[in-house]
Amino acid sequence: MSVTRGGFLAPPEWPLLPSNSPLAMAKPFDRAVNGFNHNISHAGRVFHVQTEDSGVNNPNITTHLFVGGNILASKKTSYAELLKAENLQDLVRQLMEDQHKQMLRNVVSGVYDNLDTTARAYQPGQLAPASEGKSGVKPTPPRAPLPPEVEAARAMSTAPQLNELGAQTIFGEDLISEKSLDEVILSYLAGEHES
């Protein structure tokens, strides 16, 4: 008896893998998760933290911190030395979570509070006024040394794109709403939750 495998007839001497075998069920690892995205309000500003896995072809985890659409900080970590690990997906996910949480902790602990984020943010297609940026006055450098992730963000040749599509979260933000408690209760009673 011959068994069909992947469109061709396999010789009977080829063993079949049991369905519970890790080799039979293995899916090639490309990236642990698409990424994590969180908005956090601190000191009167909304910070957006975004962490992404570039995948095994470019084994890096990158976390960006945005304020008003402008990049404030960036941290990139390579996991090239882990590529042959059996539990690569778990290791990469843990590294992503740790790096993402560290950036969130930095925001909450005030690491970025004294950094100038007054740069004007523009929507796609919106142009800055011709007079903006031509005053000839250079901004004064900050007094304290900048965190390394801020230095890295300022050294980037191209700004990263803000991406919230397909992002997963580990913190349950989908349970948080901008609605007041009264609005949540009214929408629940009105049946809006059944969509």
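Listed values, structure above:
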read-out: At R0 = 22 Å, FRET efficiency that the Cβ-Cβ distance of TYR188 and ASP30 yields, to 0.05; value: 0.05
read-out: Pairwise FRET efficiency - SER157 versus LEU83, Cβ, R0 = 25 Å, nearest 0.05; value: 0.45
read-out: Potential lengthening between ASP90 and ASP116 on full extension [0.36 nm per residue; Cα-Cα distance subtracted]; value: 5.7 nm
read-out: Table column - 3J(HN,Hα) (Hz), region 60-77, Karplus curve with 6.51, -1.76, 1.60, x for Gly and Pro; value: 9, 10, 10, 10, 10, 10, 10, 9, x, x, 9, 6, 10, 8, 8, 9, 10, 10
read-out: Exposure proxy ranking, count of Cβ atoms within 10 Å, fewest first, for TYR188, TYR79, TYR112; value: TYR188, TYR79, TYR112
read-out: Neighbour-count ranking [beta-carbon atoms within 10 angstrom, fewest first] of SER187, SER74; value: SER187, SER74
read-out: Ranked LYS84, LYS76, criterion: other C-beta atoms within 10 Å, fewest first; value: LYS84, LYS76
read-out: Residue list for region 61-81, given a label point 7 angstrom along the Cα-to-Cβ vector of ASP98 and an amide N cut-off under 19 Å; value: 61-64, 74-81
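Laboratory data are not the source of any read-out in this text; all were calculated from the coordinates shown. Since the structure is predicted, the reported quantities are computational estimates derived from the model, not experimental observations. Glycine also receives a Cβ, built like all others from the backbone with ideal geometry; neighbour counts cover every protein chain displayed.
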